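J.: Attaching a single structure in structure tokens format; questions to follow.
Read the figures in this text as sums done on the coordinates, not as results from a lab. What you see is a predicted model; the values in this text were computed from it and never measured. Ideal geometry is used to build each Cβ from the backbone, glycine not excepted, and the neighbour counts take in all protein chains shown.
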Amino acid sequence: MAARRKQGSRRKAAVDRWQRRVTRESQALELEPGVFTCDDPARIARSLKRSAERSKRRKAGPFRSAMSMLVFYINRSGRTLAKERRAVLERAKDELRELFRDSSRRVDSRNHRGGD
């Protein structure tokens, strides 16, 4: 039984090291400090959108990069994330979708030529 516990703690330590390395060395986005601690979902979404659009290091599109970073943070927090905090971050996902949906509509309307 002790060997099983020891193996589990080794696995957890490896996961913790991976998460720390990904967070530190991520090529995804340059995030505003404390962005995930904000209580306003709209502010979190705006900050992630701004970071994703400015980033030259991302491999995917801005929406996908921003959403991936938010989901990564939620998943990394796991069970230790308070219900209230999780609710704020889940609302931030909805806000992020809406922000990108609105910006794509603005671009579409600028490119649309009526009467042609």
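J.: Per 0.36 nm of contour for each residue apart, how much would the distance between Thr80 and Thr37 grow if the chain were fully extended, relative to their Cα-Cα spacing?
T.: Here the answer is 14.1 nm.
J.: Report the full-extension gain for the segment Lys12 to Arg64: residue separation times 0.36 nm, less the Cα-Cα distance, to one decimal in nm. Walk me through the numbers before you get to the answer.
T.: Values: separation 52, 0.36 × 52 = 18.72 nm, distance 2.78 nm.
Additional length available on full extension: 15.9 nm.
J.: Moving on. Mind ordering 54-65, 36-47 by average Cβ neighbours within 10 Å, highest first? Intermediate results must be reported in sequence, preceding the final value.
T.: Numbers: 54-65: 14.2, 36-47: 16.8.
Per-residue mean Cβ counts within 10 Å order the peptides as 36-47, 54-65.
J.: Work out the length of the dipole vector of segment 45-97 about its Cα centre, built from +1 on the beta-carbon of each Lys and Arg and -1 on the beta-carbon of each Asp and Glu, and round it to the nearest 20 debye.
T.: So the dipole magnitude of segment 45-97 works out to roughly 260 debye.
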